[in-house]
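Student: Let me begin by handing over the structure; questions about it come next.
Each value in this text was obtained by applying a stated rule to the coordinates, not by laboratory testing. Computed from a predicted model, the values in this text were never measured in an experiment. Here the Cβ positions follow ideal geometry from the backbone for every residue, glycine too, while neighbour counts run over all protein chains shown.
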Ligand SMILES: NC(=O)c1ccc[n+]([C@@H]2O[C@H](COP(=O)([O-])OP(=O)(O)OC[C@H]3O[C@@H](n4cnc5c(N)ncnc54)[C@H](O)[C@@H]3O)[C@@H](O)[C@H]2O)c1
């Protein structure tokens, strides 16, 4: 299927590694030019170079998505360079391990600031542009934890991920008449730095609960996102798509 993203411009947050990197590279292979955001500029620059080697344009931008000024500057810089923003993938997040009782107020604030408010900041910065263009595709990366509660993380993570999904649905309603689609992807058990720190026993138990019998690869999420940001998915909005090997079927 040709997704036809030629010359579309996408911002991918947290695109320096893991799932965000896979999304940036797959969208670039489909023809898009990419603003590669990460708080870690070195990895963002490496991904931008890979994209340029594919023959696309790429801009690595270091910004902390929890900081509104950083995000606004990123979008302004992207607009100066490319003149439009067609795609926003809210992927950057942090995770916290531990129980509710171990969770401090600082942990809670940090998870909500980066995961949920960071997503709000990025949406806020691009929505006016997409409305004016009468074209836009937004995908928020949530998690199975945002649907059924935390499995391998502290409750600030699942709560922020449920917020991200709900924010996506609310914006989907508000922006539909402007030809802006907003969808959510809810992954589970994907091989990245975030999941590699699981103890071996936990990993075995998690895989045992996955009907497809394996951990997911970052590309499994990226392929789903590429479909959702393409016009092949133009009648889909407000959807929360599970990409989890069948471990939650709802
Ligand atoms: N890996 C999994 O099993 C899994 C499961 C469910 C959901 N997810 C979600 O998928 C997304 C990507 O996860 P991953 O496993 O690739 O994570 P990761 O930790 O490997 O990568 C996250 C990236 O985000 C960047 N980042 C962190 N804070 C940032 C900030 N404030 N501003 C900008 N960039 C920042 C990091 O530097 C890093 O490059 C996340 O939203 C995560 O919650 C992952």
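Student: For residue 173 paired with residue 84, estimate the spin-label separation in nm (one decimal), with each label point 7 Å from Cα along the Cα-to-Cβ line.
Tutor: So the two model labels end up 2.9 nm from each other.
Student: A follow-up question, please. Sort 196-204, 70-78 for me by packing, meaning the mean count of neighbouring Cβ atoms within 10 Å per residue, highest on top. Display every interim value, and only then the final one.
Tutor: Values: 196-204: 11.1, 70-78: 19.0.
Going from most to least packed, we get 70-78, 196-204.
Student: May I pose another question? Using the alpha carbons of the chain, what is the convex hull volume per residue in cubic angstrom, as a whole number? Before the final figure, lay out the partial values.
Tutor: Working: hull volume 29.8 nm³, N = 250.
Measuring per residue, one finds 119 Å³ for the Cα hull of the chain.
Student: Now for a separate question. With a Förster radius of 51 Å, plug the Cβ-Cβ distance of residue 133 and residue 40 into 1/(1 + (r/R0)^6) and report the FRET value to the nearest 0.05.
Tutor: Details: r = 30 Å, r/R0 = 0.59.
The formula returns an efficiency of 0.95 here.
Student: How many angstrom lie between the Cα centre of segment 101-125 and the Cα centre of segment 183-250?
Tutor: Result: 22 Å between the Cα centres.
Student: While we're on this one: Roughly what angle does helix 41-53 make with the longest principal axis of the chain, taking Cα atoms, 0 to 90 degrees, to the nearest 10?
Tutor: Around 50 degrees separate the two axes.
Student: Sorting check: for 126-136, 3-13, which peptide has the highest mean count of neighbouring beta carbons within 10 Å, and how do the rest follow? Could the numbers behind the result be given before it?
Tutor: Values: 126-136: 17.1, 3-13: 22.1.
By packing density, highest mean first, the sequence is 3-13, 126-136.
Student: Another question, if that's okay. Arrange the peptides 98-111, 138-151, 43-56 so that the one whose residues have, on average, the most other Cβ atoms within 10 Å appears first. Display every interim value, and only then the final one.
Tutor: Details: 98-111: 13.0, 138-151: 23.2, 43-56: 17.9.
Answer by packing, highest mean first, reads 138-151, 43-56, 98-111.
Student: Quick check: the angle from helix 68-82's long axis to the longest principal axis of the chain, C-alpha only, nearest 10 degrees?
Tutor: Between the helix axis and the principal axis of the chain, the angle is about 40 degrees.
Student: Points 7 angstrom from Cα along the Cβ direction at residue 223 and residue 6: gap in nanometres?
Tutor: 2.4
Student: Another question about this same structure. Does anyone have the angle between helix 118-133 and the longest principal axis of the chain? Alpha-carbon axes, 0 to 90°, nearest 10?
Tutor: Value to nearest ten degrees: 30.
Student: Going by C-beta contacts inside 10 Å, put 247, 122, 156, 166 in order with the fewest on the left. If you can, show how the numbers build up before the last one.
Tutor: On the way: 247 19, 122 27, 156 24, 166 16.
Fewest to most other Cβ atoms nearby, the residues stand as 166, 247, 156, 122.
Student: Let me check against my output: what whole-number percent is the relative contact order of the chain, with C-alpha pairs under 8 Å and at least 6 apart?
Tutor: Working: 520 pairs, mean separation 47.7, N = 250.
Computed over the chain, the figure is 19 percent.
Student: For an R0 of 25 angstrom, estimate the FRET efficiency from the Cβ-Cβ distance between residue 100 and residue 191 and round to the nearest 0.05.
Tutor: 0.35
Student: Then there is this: Consider a paramagnetic label point 7 Å from the Cα of residue 201 along Cα→Cβ; state which residues of segment 210-250 have an amide N under 20 Å from it.
Tutor: Residues 210 qualify, since their backbone N sits under 20 Å from the label point.
Student: Here's something else I'd like to know. For the chain, what is the calculated [θ] at 222 nm in deg cm²/dmol (nearest 500), taking -39500 (n - 2.57) for each run of four or more DSSP H residues and dividing by its residue count? Kindly include the intermediate steps, with their values, before the conclusion.
Tutor: Working: 10 runs with 112 residues, N = 250.
My calculation for the chain gives -13500 deg cm²/dmol from helical runs alone.
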